[in-house]
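The values are calculated or read from the model by the stated rules, or taken from the named source; none is laboratory data. Owing to the predicted nature of the structure, the values given are computational and were not obtained by experimental measurement. Cβ placement follows ideal geometry from the backbone for every residue including glycine, while neighbour counts extend to all protein chains displayed.
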């Protein structure tokens, strides 16, 4: 995997904002692979794939995937143990 | 306003090009009139989507270049787009799009790489190439708010003619609270002997030290951001105070 072809969680903000009413880039997520917690904005986001893939910046496990079709958006969150979003 | 900007489901909407300005040979600023723009924070971005006649779509994310509320652009917002060789979207935005054209956008998005005038501590901005775009929005917000928070900008560019916002940056740097320093990587103007990338020496001489408690914003191509973030951490900066934004 090239070291230079990824962006960061900010790049996923638009796609995620179509699904979530809160800004997920400032949410803290825990990686299901290594247990690291980090602000989602610091994840590695790959946009060259079919869809968008966010990986943990610690262990590179897939955190989430977003695939948009003309009719629906598919969101796969299996790589996240949790997402912590502030209430205010 | 900020809450409205962040707490809503975003859908695509159509903006109209109100003006275009050439910044360099490869970059131009696009002024957009957006109906019911909810406002944004300095450092946020928006997505632009192009649809071909056959239905093929491509979208890209671009930093917003203008401050809000800044009154520097009235009810419009500005993007500055650098043309990427063989790009799918940027060549159209830089060379084809004209005043009066519609443009599909979604935003504002991103709440992490932002600066607000009520934030504590000095601000260190470090940009590479068109990574200066969101940093310019922060400088504009700083000026618009009349903030006296010390701000330093380190801006890495290839050569003098690659500098985006040259007159704007000079104007912003007239404030006692703002320091702008350009670092030339390929060719420097007369009187500027140093040619080379941002390194540990440049960081030590021109950036706030770790003791200043600054929040640092680094934006640029992924390798640039990785290098600068590593230099900052090696110099003793707290990684929690280094915010990064990468682009391809």
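For residue A:37, the requirement of being surrounded by fewer than 21 Cβ atoms within 10 Å (Cβ to Cβ) and at pLDDT 95 or above is met. The one condition from (1) in a strand (DSSP E or B); (2) in contact with a helix residue (DSSP H, G or I) (Cβ under 9 Å, 6 or more places away or on another chain); (3) at pLDDT below 95; (4) more than 9 Å from every other protein chain (Cβ to nearest Cβ) that residue A:67 does not meet is (2). Considering (1) closer than 18 Å to residue B:27 by Cβ; (2) in contact (Cβ under 8 Å) with a residue 60 or more places away in the chain; (3) more than 15 Å from the chain's Cα centre (by Cα), the lone condition that residue B:170 does not fulfil carries the number (2).
Quick grid of which residues meet (1) more than 28 Å from residue B:241 (Cα to Cα); (2) in the same structural domain as residue B:208 (by TED's automatic domain parsing); (3) in a loop (DSSP other than H, G, I, E, B):
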{"site": "B:79", "(1), (2), (3)": "no, no, no"}
{"site": "B:84", "(1), (2), (3)": "yes, no, yes"}
{"site": "B:93", "(1), (2), (3)": "yes, no, no"}
{"site": "B:100", "(1), (2), (3)": "yes, no, yes"}
{"site": "B:103", "(1), (2), (3)": "yes, no, no"}
{"site": "B:117", "(1), (2), (3)": "no, no, yes"}
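Would you say residue A:43 is under 10 Å from the mean Cα position of the chain (by Cα), at pLDDT below 90 and more than 8 Å from every other protein chain (Cβ to nearest Cβ)? Criteria not met by residue A:43.
The residue that is farthest from the other protein chains (Cβ to nearest Cβ), counting only those in segment B:225-242 that are surrounded by fewer than 22 Cβ atoms within 10 Å (Cβ to Cβ) and in contact with a strand residue (DSSP E or B) (Cβ under 6 Å, 6 or more places away or on another chain), is B:241. Of the listed requirements (1) more than 24 Å from residue B:62 (Cβ to Cβ); (2) part of a helix (DSSP H, G or I), residue B:140 misses just one: (1).
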